[in-house]
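Below: one structure, written as structure tokens.
The values are calculated or read from the model by the stated rules, or taken from the named source; none is laboratory data. Small disclaimer: the values here were computed from a predicted structure and weren't measured. Cβ placement follows ideal geometry from the backbone for every residue including glycine, while neighbour counts extend to all protein chains displayed.
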């Protein structure tokens, strides 16, 4: 727990977010509670600390910037001021749905962000959102268990309101988009996605296929082949020379065009 303690110690509280109070944000975003910070180490760490103290499902940690935002496999996520950096705490009833939660959350976020982009948001297995072939947002799911019982999940989402200064290849929402409007569009969609049970439905599979950035393209990681889609259980499907590989973990790296 030392990393969480350090992150909390470095955090600074906010009274409002773009002149909107935490209570008003919770009401407008249809969530139970919003905790506002100016700067945090990571909203994920703050959320885990709150959840361990008993924070209810529907609690949101929201920060203006992060010093140590992270993505999958501990990769650093640049989080400058004025982006949307948040973590939602949920306590799902169906632990098996965790296997596809990142994909469900990605679809939900893409649906909400369509209103703030010049073209439909695309998804890249397992947790990235793209506009114009450049990353605009990322999802991170971390679960905590009590023995064999799922206790809570922390659903992290970072959205670029403007291109990060240290990333040459990054997308952002359209100029003039309001962070509060973005949040109020996102939060109900994210909560609904987190409440779903079971594996991906036919409708979700169809929606993923329509938004899939990688489908039909060659990849070099996690295996070398041609991406043909995803399975209802969340695996990436990659066509090899004589079979189709089902990949459950790792990152997807597409082959660069000449």
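Residue selection: residue 209 satisfies the criterion of being at pLDDT 95 or above, under 17 Å from residue 125 (Cα atoms) and surrounded by fewer than 15 Cβ atoms within 10 Å (Cβ to Cβ). In the condition set (1) under 15 Å from residue 207 (Cβ atoms); (2) surrounded by 22 or more Cβ atoms within 10 Å (Cβ to Cβ), residue 131 is compliant with all but (1). Identify, from the list 216, 234, 198, the residue that is assigned to a loop (DSSP other than H, G, I, E, B), farther than 19 Å from residue 122 by Cα and either more than 18 Å from the chain's Cα centre (by Cα) or in contact (Cβ under 8 Å) with a residue 24 or more places away in the chain (or both). Residue meeting the stated conditions: 198. Specify the residue that is nearest to residue 155 (Cα to Cα); the eligible residues are those in region 26-41 that are in contact (Cβ under 8 Å) with a residue 40 or more places away in the chain and part of a loop (DSSP other than H, G, I, E, B). Taking the candidates together, the pick is 31. Taking (1) part of a strand (DSSP E or B); (2) surrounded by fewer than 18 Cβ atoms within 10 Å (Cβ to Cβ) in turn, residue 119 satisfies each apart from (1).
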